[in-house]
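Written out below as structure tokens is the structure these notes cover.
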Amino acid sequence: MQATVLLCLLEVALVQAGDYSWTGPGENVKKSGGDPTTKNACLTDPMSCGCCLMQQQVHRMKMFFNRSLGEMEKELNNTRNILNHVRASRSAFSVSLTSDKKFTCIGPFRDDKIIQYKHVFINLGEGYSTDTGFFTVPRSGVYSLALTVYSDAGAPGNTLAACAGLLVNGQLVAGPREKNMQDQEDSATIVVALHLMAGDKVAVNLPIGCFLCDNSSHYNTFTGFLLYSTD
Ligand SMILES: *[C@@H]1O[C@H](CO)[C@@H](O)[C@H](O)[C@H]1NC(C)=O
Ligand SMILES: *[C@@H]1O[C@H](CO)[C@@H](O)[C@H](O)[C@H]1NC(C)=O
Ligand SMILES: *[C@@H]1O[C@H](CO)[C@@H](O)[C@H](O)[C@H]1NC(C)=O
């Protein structure tokens, strides 16, 4: 009780000194004037006037902090939602022809053929299917795609045909190609960044006459990952 009275007295002193003015950004309060009831109270009873003013200020502060807290919680929720979206969008695959130690070649075939890469380095989001050879785009966005082919003609002078085609929905995007009779072995690489749509099918085609050779050294790789989503 004593403490309250003292505090109120202190308030009165402050008010009289014109020093009592906490106006948080939460409320539009004029520094001078205040509300009429407080003014009246101040005229009749300076002591209760100080307490009343203080209560008002405390209430104002409470409202201000309550609102700030509410806004911060909303922001936090938004940020959390964005982060969850980013986490759910993660997509990366990297595969190679075989895990087999034995050096073997696929092709040449009489028809174009979709290559089924069997060795999986990573398949985050399970977008790549080792059964079909297709990467199904899980989310619209900008993707980085890289394809490296390698072939071995078996002996010098034989025809070498290290070639393939990167396809999106059956359309050729780019095709590394190394065809000659001068080398026994050769390798070629392409890297592209593409804006792909959810559901797009990305694959590597082995055109007629081309053949690729590999073992567990992984000379033939096919890699793709989402740079950022656009949905
Ligand atoms: C604080 O704000 C919330 C809305 O954000 C409201 O529901 C609640 O009643 C407020 N609390 C006080 C003490 O004003
Ligand atoms: C947080 O975000 C989720 C998803 O948008 C929404 O359902 C939920 O109502 C939000 N919560 C608050 C407190 O804003
Ligand atoms: C794969 O084959 C190449 C060429 O025959 C050979 O040099 C390499 O050592 C082989 N890699 C493995 C892991 O056996």
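The values are calculated or read from the model by the stated rules, or taken from the named source; none is laboratory data. Quantities reported herein were computed from a predicted structural model and do not represent experimental measurements. Please note: Cβ atoms are built from the backbone with ideal geometry, for glycine as well, and neighbour counts cover all protein chains shown. Accessible surface areas use protein heavy atoms only, side chains included; no ligands, DNA or RNA. Shrake-Rupley method; radii C 1.70, N 1.55, O 1.52, S 1.80 Å.
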All but one of (1) surrounded by fewer than 17 Cβ atoms within 10 Å (Cβ to Cβ); (2) at pLDDT 95 or above; (3) more than 18 Å from residue 118 (Cα to Cα); (4) not basic (Lys, Arg) hold for residue 217; state the number of the condition that does not hold. (3)
Answer residue from region 39-62, given it is among the basic types (Lys, Arg) and modelled with pLDDT of 75 or more and is most open to solvent (accessible area, probe 1.4 Å) among those: 62
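Could you pull out the residue among 184, 171, 116 that is exposed (fewer than 12 other Cβ atoms within 10 Å of the Cβ), more than 16 Å from ligand 1 (Cβ to nearest atom) and either modelled with pLDDT under 95 or more than 21 Å from residue 228 (Cα to Cα) (or both)?
Only one candidate passes the filter, namely 171.
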Among the numbered conditions (1) open to solvent by less than 70 Å² (accessible area, probe 1.4 Å); (2) away from ligand 3 (no atom under 16 Å from the Cβ); (3) under 27 Å from the mean Cα position of the chain (by Cα); (4) in the same structural domain as residue 199 (by TED's automatic domain parsing), tell me where residue 161 comes up short. (3)
Just for region 80-120: of the residues that are touching a Phe, Trp or Tyr at 6+ places or on another chain (Cβ under 7 Å) and in a loop (DSSP other than H, G, I, E, B), which one is nearest to ligand 3 (Cβ to nearest atom)? 97
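From 224, 127, 170, 199, grab the single residue that is at positive phi, among the small types (Gly, Ala, Ser) and within 21 Å of the chain's Cα centre (by Cα). Step through it out loud before you land on a result.
Details: 224 fails: at positive phi; 127 fails: at positive phi; 170 fails: within 21 Å of the chain's Cα centre (by Cα).
From the options 224, 127, 170, 199, the qualifying one is 199.
Which one of 136, 189, 223, 148 is hydroxyl-bearing (Ser, Thr, Tyr), in the same structural domain as residue 115 (by TED's automatic domain parsing) and surrounded by fewer than 14 Cβ atoms within 10 Å (Cβ to Cβ)?
189
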